[in-house]
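The values are calculated or read from the model by the stated rules, or taken from the named source; none is laboratory data. Treat the numbers as computed from the prediction; the structure is a model and nothing was measured. Note: ideal-geometry Cβ built from the backbone for every residue, glycine included; neighbour counts use all protein chains shown. SASA here: full protein model, heavy atoms, side chains in, ligands and nucleic acids out. Shrake-Rupley method; radii C 1.70, N 1.55, O 1.52, S 1.80 Å.
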Amino acid sequence: MMEDWRHGGFGLYLHWPFCAAKCPYCDFNSHVAAEIDITRWNRAYLSEIDRIGELTKGRVLNTVFFGGGTPSLMPAELVASLLDQIRATWPTANDLEITLEANPTSAEAGRFRGYADAGVNRLSMGIQALNDDDLRRLGRLHSVAEAERAFGIARDTFERVSFDLIYARQGQTLAEWRAELTRALHMAVDHFSLYQLTIEDGTAFGARHAAGKLRGLPSEDLSADMYLITQDICEAAGLPAYEVSNHARPGMESRHNLIYWRYGDYAGIGPGAHGRLTLNGIKTATDTPKAPLRWLEMVETHRSGEVLAEPVPTQDQALEYLMFGLRLREGIDTGRYARLAGQALDADAIHEMADLGLLDPSPGQLRATREGRAVLDAILRRLFP
Amino acid sequence: MPRMTQLDLIRNFSIVAHIDHGKSTLADRLIQMTGTVAERDMKAQMLDSMDIERERGITIKANTVRIEYPAKDGQTYVLNLIDTPGHVDFAYEVSRSMRAVEGSLLVVDASQGVEAQTLANVYQAIDANHEIVPVLNKIDLPAADPAAVKENIEDVIGIDASDAIPISAKTGLGIPDVLEAIVKRLPPPKGERDAPLKAMLVDSWYDSYLGVVVMIRVMDGVIRKGDRIKMMQTGAVYGIDKLAVLKPKMIDIAELGPGEIGVFTASIKQVRDTRVGDTITHEKKPCATPLAGFKPAQPVVFCGLFPVDANDFEALRDAIEKLALNDASFSYEMETSAALGFGFRCGFLGLLHLEVVRDRLEREYDLDLITTAPSVVFKLHMKDGEVRDLHNPADMPDLTYVDHIEEPRIKATIMVPDDYLGDVLKLCQDRRGIQMDLTYAGSRAMVVYDLPLAEVVFDFYDRLKSVTKGYASFDYQISGYREDYLVKMSILVNDEPVDALSIMVHRERAESRGRAMVEKLKELIPRHMFKIPIQAAIGGRVIARETLSAMRKDVTAKCYGGDATRKKKLLEKQKAGKKKMRQFGKVEIPQQAFISALKMDN
């Protein structure tokens, strides 16, 4: 029988942990460092590519994703060196997708040509807001004008470009968001990600929120209204949501992210990068140290940056598949879920939520409706056994 | 070992004061200045031994201390101070302590004047024929106005305050004058040394090392270690194992004679085996007539206590049983609620008592509890002539069998600066009060209201403090039962009745109470995936209704490969957390809703 991961494919995630500055809303593994020894980092990444390559020999690689941190702070030569090694390690799909996350400052835009020459064919830019006051409040180091210039360069340089916006920001009204989204649609090419601002523990915003000092966050109703008009406006513009927060022209979806949501296999390389790899028929969760220097030293001394490699019980695989898969408009294959879980989903719960217009079951399939995706966490709590 | 003291060298007294007027500080100062406790062993609120007492600055249990005072006349006197609780919930504790002493110090804050609690307690002292010595405390404060406060004492209480002693318990100013006044102005106790033993059981408590400790005041005769004594009400006979006085540590003594106050142990198992006010005499040579005795304190406020985690029920049972060993005034019986599972219906002397017991259960026994709405005891007059006590609105029988319902009423005394009088009158009227009296002493008004206890037990005192910015004082006595138009109001959540939320309410106030409760519940219950009707109903008739909208937004914005483990764990944890909420049909209700729903904000 076909191994489960093949439903989703195989991708490689590389984590670059450094940022020029830490944003107050961000809970990703990012660090601000005064000095970075590129030679050491290059050697460590290459060593990890070799190690993972050995474990997954012969697989066809579908995607590569440089995430961070701020990967657009990487010298183009480093990106080229890693991609050369990757291509030498795995047979790659004809349409290999190579994405790099970038910030829209002029300094970074200067490196775009080099990334494209190295093989990057998709750029994902963190623009976040089209309003200078809000950009400052979000701790961003660029202006709207600078972002538009950088995005213009990216559009001319890469086959595919995407950008991120954060909405449901402090004090934002429905009308303001509608106007901003309309302006964003004029910029958009074929893909963008629209995230509602989330206050995470362990961030500067988290601390301010806990102290009651983060004012003007939207009510649940306003946040729901913003979400729904986002769906409508993007759909009308030909970029429907294919996932909770991601919109694309059909066929232009992020293939790398689809691997997560379709619960394929992904290798994680770099500090704090997680992976899910089927090794000898066993789905294995991998993890690496979060602290950049610890990861570096581990790779150098042990020839492996892995601090964890443990089997994921099949029930947990089922939950992960459910949790990721229902984020997608296409939903999940209920037969695949049942094979992993050893039992079918709770039919009563599905029936109940279908009656409420939140789920749309069909034979062999389950998807969340537009309204359902807005309350997906509640649906998952109900469906989790 | 010291022997007993002769009568004219004994003075027994208590201190009457409003909370914060300095009663415990004065007691501390008397103990300190007479060297009763070594300087290094002194701590604040010497006589308050419970954590809760020290934390809240209140006295719950009466305590006693024996002080030896060498007076100016060259004689050394034994002064027995019984420190009494100030709060209305513990009024019974005050009244019995008063019977054991001959005089009282009336402590009044020289910057504040007489407060409602002071009034209630001083009347108890007057009832007990006490000689009363007024003491003006906090005389060192810039706001102190001794002349006005003396006048206030004379106006409000009606006793002569011209000899009031100015002191500062904080600095120690005037304390020697207080000690002299105790000796000179308070009468010595009376009693016959050669008569058969007659002693009053003043209090009893459980000590984990000694077992039950009994506090007594000897009226006649002499009690010695090893004596066989008899409790005249219960008929039980015990041998005295240990006889002591409290300084406030227990110091063994060979005998206690007339007028003396001390404690004994006698292998008594439970506090419930002792009856406060009982007369203790010798088994072989009993006294002819017992003392008048006291009515035992009756619980007036009832509520359900349920463990948050149903598995803790046995732990709660153990804790309640242990606590009850030391607190005969608190009653309990098992209760089953459709909503909350197994728990106990408990009776208390008042709301403070309820809070203290709940605090102690949570703190000393590490339990998480759900407290249901406090209720009073209604009297149901059934059509067949039977009269039933209703402790729990959930037990209300079908109305067709009930002829009429009576509820307990109180006489409430409130003292308030006249600036806030209007707010206080409005509050009392809103709570179905009937004004009985309104007088002024200077710029302070004293209002007396006849109020239903049910309207007071819940949040009256909080509201009173809030509308008067803390300037009002309040006290009450139960005055009896009266018929009124009372109904049971049920709360339905998603069309299912929630028994733990039903309350008894006056028919005319049912709509406004119902509206307030359903509005509050709408805020307290989290949104679900479906909309939830929340209704208040009398019988089958809905009198108020709100709809909690369905949840519209609950989704993680970003979820990529690196989030798999963390996100899955978070969802599993949330799911487990929801299991701890109480489930009513398809609706989950958070624990705090059961109490918060009843609070009235305006």
With the condition kept exactly as written, say whether any residue in region A:202-216 is within 14 Å of another protein chain (Cβ to nearest Cβ), over 23 Å from A:Gly325 (Cα atoms) and surrounded by 13 or more Cβ atoms within 10 Å (Cβ to Cβ). yes
In region B:95-112, how many residues are modelled with pLDDT of 85 or more and either under 19 Å from the mean Cα position of the chain (by Cα) or not charged (D, E, K, R) (or both)? 12
Give just the number: which of (1) touching a residue at least 40 places away in the same chain (Cβ under 8 Å); (2) assigned to a strand (DSSP E or B); (3) over 29 Å from B:Ala120 (Cβ atoms) does B:Ala394 not satisfy? (2)
Failed item, numbered, when A:Gly251 is tested on (1) closer than 23 Å to A:Phe66 by Cβ; (2) within 14 Å of chain B (Cβ to nearest Cβ): (2)
What are the residues in region A:236-291 that are acidic (Asp, Glu) and more than 17 Å from A:Arg6 (Cα to Cα), if any? A:Glu243, A:Glu253, A:Asp287
Test: residue in region A:36-50 that is open to solvent by less than 10 Å² (accessible area, probe 1.4 Å) and charged (D, E, K, R): yes
Pairs please, first residue from region A:361-385 and more than 7 Å from chain B (Cβ to nearest Cβ) and over 20 Å from A:Gly335 (Cα atoms), second anywhere and open to solvent by 60 Å² or more (accessible area, probe 1.4 Å) and assigned to a loop (DSSP other than H, G, I, E, B), Cβ atoms under 8 Å, 6+ apart in sequence or on different chains. A:Glu371/B:Arg552
Qualifying positions in region A:91-110 - outside any strand (DSSP E or B) and surrounded by 19 or more Cβ atoms within 10 Å (Cβ to Cβ): A:Asn103, A:Pro104, A:Thr105, A:Glu108, A:Ala109
Residue check for B:Ser502: closer than 22 Å to B:Ile589 by Cβ, open to solvent by 30 Å² or more (accessible area, probe 1.4 Å) and among the polar types (S, T, N, Q): no
Quick count over region B:366-391, residues being more than 13 Å from B:Ile405 (Cα to Cα) and without any contact (Cβ under 8 Å) to a residue 60 or more places away in the chain, is 2
Single match in B:Tyr77, B:Tyr92 (criterion: in contact with a helix residue (DSSP H, G or I) (Cβ under 9 Å, 6 or more places away or on another chain) and either at pLDDT below 85 or open to solvent by 10 Å² or more (accessible area, probe 1.4 Å) (or both)): B:Tyr77
Output the residue which, of all residues in region A:347-360 that are open to solvent by less than 70 Å² (accessible area, probe 1.4 Å) and of a type in the set (Asp, Glu), is farthest from the other protein chains (Cβ to nearest Cβ). A:Asp360
Suppose we filter B:Gly239, B:Gly235 for residues that are at positive phi and of a type in the set (Gly, Ala, Ser); which single one remains? B:Gly235
Of the residues A:Leu277, A:Leu293, which is more than 22 Å from A:Ile199 (Cα to Cα), out of contact with any Pro (no Cβ under 8 Å at 6 or more places or on another chain), more than 9 Å from chain B (Cβ to nearest Cβ) and open to solvent by 10 Å² or more (accessible area, probe 1.4 Å)? A:Leu293
Kindly provide the set of residues from region A:69-90 that are open to solvent by 10 Å² or more (accessible area, probe 1.4 Å), out of contact with any helix residue (DSSP H, G or I) (no Cβ under 6 Å at 6 or more places or on another chain) and hydrophobic (A, V, I, L, M, F, W, C), ordered by number. A:Leu73, A:Ala88
Could you tell me which residue of region A:255-273 is nearest to the other protein chains (Cβ to nearest Cβ), considering only residues that are open to solvent by less than 10 Å² (accessible area, probe 1.4 Å), of a type outside the set (A, V, I, L, M) and closer than 24 Å to A:Arg43 by Cα? A:Tyr266
Condition met for B:Leu352 (closer than 22 Å to B:Ser97 by Cβ, in contact with a His (Cβ under 7 Å, 6 or more places away or on another chain) and among the aliphatic types (A, V, I, L, M)): yes
Among residues of region B:326-341 being open to solvent by less than 50 Å² (accessible area, probe 1.4 Å) and not acidic (Asp, Glu), the residue farthest from B:Val212 (Cα to Cα) is B:Ala339
Looking at (1) away from chain B (no Cβ under 13 Å); (2) within 26 Å of A:Ala179 (Cα to Cα), can you tell me which one A:Gln231 breaks? (1)
Taking region A:233-254 as the search range and keeping residues that are open to solvent by 10 Å² or more (accessible area, probe 1.4 Å) and acidic (Asp, Glu), which one is farthest from A:Trp90 (Cα to Cα)? A:Glu235
Mind counting the residues in region B:531-571 that are outside any helix (DSSP H, G or I), among the hydroxyl-bearing types (Ser, Thr, Tyr) and within 9 Å of chain A (Cβ to nearest Cβ)? 3
Can you tell me which residue is farthest from the chain's Cα centre (by Cα) among those in region B:346-368 that are open to solvent by 20 Å² or more (accessible area, probe 1.4 Å) and either under 18 Å from B:Val300 (Cβ atoms) or hydrophobic (A, V, I, L, M, F, W, C) (or both)? B:Arg358
Given B:Ala564, B:Ala593, B:Ala510, which one is under 24 Å from B:Asp398 (Cα atoms), surrounded by 19 or more Cβ atoms within 10 Å (Cβ to Cβ) and of a type in the set (Gly, Ala, Ser)? B:Ala510
Within region B:182-289, strands (runs of 3 or more DSSP E) holding 1 or more residues that are aliphatic (A, V, I, L, M) and open to solvent by 10 Å² or more (accessible area, probe 1.4 Å): B:198-207, B:211-220, B:237-239, B:242-246, B:250-252
Restricting attention to region A:331-344, does a residue exist that is at the interface with another protein chain (Cβ under 10 Å from one of its Cβ atoms), buried (at least 23 other Cβ atoms within 10 Å of the Cβ) and either in contact with a Ser or Thr (Cβ under 8 Å, 6 or more places away or on another chain) or among the hydrophobic types (A, V, I, L, M, F, W, C) (or both)? no
Is it the case that some residue within region A:303-326 is more than 14 Å from every other protein chain (Cβ to nearest Cβ), within 23 Å of A:His256 (Cα to Cα), open to solvent by less than 10 Å² (accessible area, probe 1.4 Å) and within 23 Å of the chain's Cα centre (by Cα)? yes
Residues being farther than 11 Å from B:Ser104 by Cβ and surrounded by fewer than 20 Cβ atoms within 10 Å (Cβ to Cβ): count how many of those fall in region B:128-151. 10
Any idea which of B:Glu511, B:Glu523, B:Glu588 is at negative phi and away from chain A (no Cβ under 14 Å)? B:Glu511
